[in-house]
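So the structure is just underneath, and the comments pick up after that.
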Amino acid sequence: MKKERKLPRRHLIYYLRVFDRQSGEQVGSLVDITTEGLMLVSEKPLQPHKTYHLRMDLPTEVCGKERLDFDAVCMWSNNDINPLFYDNGFMLPDVNSQEALCIEDLITIYGFRD
């Protein structure tokens, strides 16, 4: 059974870099985000059904933070329209109310005005 997202993803004016918290390696760049999920573009396909421990560096402080640390489960990984990259969809399973507010602030400050 295919799970549909409840909230529309929001594109930001920046492609924020996202790193693995343990290795420090860049996993990808943020394409869009909601309080329930996000999409990253990466140079390598990411492993579906794997939980990634991620850190996203912010362009300025949001909620008093210069970065957001979070866990995300990769739901799918497909070729991007550019064959050198991959699009990867993530679910954010454990977002608490404070983290949700930070994501909402990030969208408010840096989101495209639709």
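Laboratory data are not the source of any read-out in this text; all were calculated from the coordinates shown. What you see is a predicted model; the values in this text were computed from it and never measured. Positions of Cβ are generated from backbone atoms using ideal geometry, with glycine treated the same way; all protein chains shown enter the neighbour counts.
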Candidates per trypsin sites (Lys or Arg not before Pro) in segment 32-87, loop by DSSP, up to 13 other Cβ within 10 Å
LYS50
Segment 10-110: relative contact order from alpha carbon pairs under 8 Å, six or more residues apart, as a whole percent, is 28 percent
Could you tell me which label, among [x] 19.5; [y] 15.3; [z] 14.2, carries the value of Kirkwood radius over Cα pairs in Å calculated for this structure?
[z]
Counting only helical runs of four or more DSSP H residues, what would the 222 nm mean residue ellipticity of the chain come to if each run contributes -39,500 (n - 2.57) and the total is spread over all its residues?
-4000 deg cm²/dmol
Taking GluC sites (Glu not before Pro) as exposed when in a DSSP loop with at most 15 other Cβ atoms inside 10 Å, the chain has its longest clean stretch at 44-114
Counting only chymotrypsin sites (Phe, Trp or Tyr not before Pro) that sit in a DSSP loop (anything but H, G, I, E, B) with at most 14 other Cβ atoms within 10 Å, what is the longest stretch of the chain containing none of them?
16-111
Take the alpha carbon gyration tensor of segment 45-99, find the square roots of its eigenvalues, order them as a ≥ b ≥ c, and report rounded if a/c is under 1.5; if not, report prolate when a/b exceeds b/c, else oblate.
oblate
Using the alpha-carbon atoms, what tilt in degrees (0 to 90, nearest 10) does helix 97-110 show relative to the longest principal axis of the chain?
90 degrees
